[in-house]
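The values are calculated or read from the model by the stated rules, or taken from the named source; none is laboratory data. Here the structure is a predicted model, which is why all the values come from computation and not from measurement. A quick note on method: Cβ atoms are made from the backbone with ideal geometry, for glycine too, and the neighbour counts reach across all protein chains shown.
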Amino acid sequence: MAFYPQLILDALKNVRYPGNGKNLVENEMVEDNIRIEGNKISFSLIFEKPTDPFIKSVVKAAEQAILTFAGEEAEIKGNITVKTKQATKPEPEKQLSQVKNIIGVSSGKGGVGKSTVASNLAVALAKLGYKVGLLDADIHGPSVPKMFGVEDARPALEKVGERDLIVPVERYGVKMLSVGFFVDPHTALLWRGSMAGNALKQLITDGNWGELDYFVIDMPPGTSDIHLTLIQSLGITGAVIVSTPQEVALADARKGIQMFLNDKVNVPVLGLVENMAWFTPAELPENKYYIFGKEGCKRLSEELNVPLLGQIPIVQSIREGGDNGSPIVNNEDSMVGQSFIRLAEEVVKQVGIRNEQLPPTQKVGTPAPKKG
């Protein structure tokens with residue numbers, strides 16, 4: 001009989017955890033590491049604490065369930081590893097220990113140009129003289145490889161001490177990793193929540209990022225468990241919220257801001273970026289056409305007492321830069337290039353303000369000096 005992971009999960013759905021009556025899969029007690037070698041099956045069960053009184057009985061019930069519902073040929077006895085959340089819980093202070101500031105770029109909905117802002121912000125910070133990393137955490141639609149023109153890149157591994165670490169791809173002074181480097185770009189990505197979270201954790205913890213002044217995370221749109229995974233795994237310095245001036249987008253941006261400011265999340269919002277603020281034709285650079293509404297993010301920033309970090313117009317060159325693999329901020333003499341430089345300067349300013357408000361023991365780090 002052929003065994004496969006879903007068959008094992010289905011079998012484990014028949015095992016109830018006595019503490020709450022839910023099955024092991026509902027409780028997310030089965031770690032995404034089911035290994036199958038012929039008839040040999042092994043995986044880990046996660047319990048809240050090492051003193052859980054039900055550990056032995058649950059492991060025994062899981063072994064029996066696999067023999068009963070997956071197949072009697074299964075070699076499972078002694079192959080279930082027990083882990084506890086107390087032992088596996090990420091420790092933010094130990095992850096990215098050489099990174100001074102972690103910036104999450106987020107949006108309440110898709111289609112507002114979040115990845116464009118994240119990419120150009122990262123390059124702009126590098127142009128200001130900072131050491132910058134960029135993580136494409138948009139697990140379902142990774143677009144950073146395309147925007148940097150490195151779609152064919154395949155990061156290598158290098159030995160660092162006893163560990164094999166992933167070497168980030170580097171371009172325009174930015175070190176970057178993306179799920180897009182490891183999957184077929186023409187295939188839709190279908191992830192269970194825990195699988196997506198584990199993939200991102202690996203890019204973070206197994207990436208050889210080195211010393212960075214700013215680690216920019218292009219987060220998925222909306223509010224999801226992936227956001228919570230990133231927030232709980234890392235000591236995020238602050239979030240940058242991207243929106244268009246359109247009322248529909250602003251409603252979702254408001255939810256995104258509330259998520260970060262929630263007592264259980266408690267991540268400072270550095271400010272709002274109004275993308276596609278107006279349309280300016282190349283032949284009429286002084287003209288502004290407010291296609292999606294006028295100054296919606298400005299009004300929202302005043303309402304919620306959140307800084308407005310910048311307003312980015314919609315022009316053809318931004319789209320061309322993203323499609324051609326050269327972020328528009330590389331053209332520093334352009335109006336839009338200057339807009340992103342000013343955005344980076346404002347982010348640095350807000351990070352400085354935040355750090356000044358912290359007690360000395362909690363300060364994230366002092367930004368590196370600018371070039372020149």
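Residue-by-condition table, conditions (1) at pLDDT 90 or above; (2) outside any loop (DSSP other than H, G, I, E, B); (3) of a type outside the set (Asp, Glu); (4) buried (at least 24 other Cβ atoms within 10 Å of the Cβ):
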site: 111; (1), (2), (3), (4): no, no, yes, no
site: 120; (1), (2), (3), (4): yes, yes, yes, yes
site: 124; (1), (2), (3), (4): yes, yes, yes, yes
site: 129; (1), (2), (3), (4): yes, no, yes, no
site: 134; (1), (2), (3), (4): yes, yes, yes, yes
site: 140; (1), (2), (3), (4): no, no, yes, no
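For (1) at pLDDT 90 or above; (2) outside the structural domain of residue 122 (by TED's automatic domain parsing); (3) closer than 30 Å to residue 261 by Cα; (4) surrounded by 14 or more Cβ atoms within 10 Å (Cβ to Cβ), each residue gets a yes or a no:
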position	(1), (2), (3), (4)
298	no, no, yes, yes
317	no, no, no, yes
328	no, no, no, yes
333	no, no, no, no
342	yes, no, yes, yes
372	no, yes, no, no
Subject >> Pairs with Cβ under 8 Å, 6+ apart, first in the stretch 265-285 and more than 22 Å from residue 348 (Cα to Cα), second among the basic types (Lys, Arg) and surrounded by fewer than 18 Cβ atoms within 10 Å (Cβ to Cβ) >> reply: 278/288; 278/294; 279/288; 280/288
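Condition check ((1) within 20 Å of residue 249 (Cβ to Cβ); (2) part of a loop (DSSP other than H, G, I, E, B)) across all residues:
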{"residue": "282", "(1), (2)": "no, yes"}
{"residue": "292", "(1), (2)": "yes, yes"}
{"residue": "299", "(1), (2)": "yes, no"}
{"residue": "345", "(1), (2)": "no, no"}
Original post:
Which one of these is of a type in the set (Val, Ile, Thr), touching a Phe, Trp or Tyr at 6+ places or on another chain (Cβ under 7 Å) and modelled with pLDDT of 80 or more: 273, 267, 242?
Top reply: 267
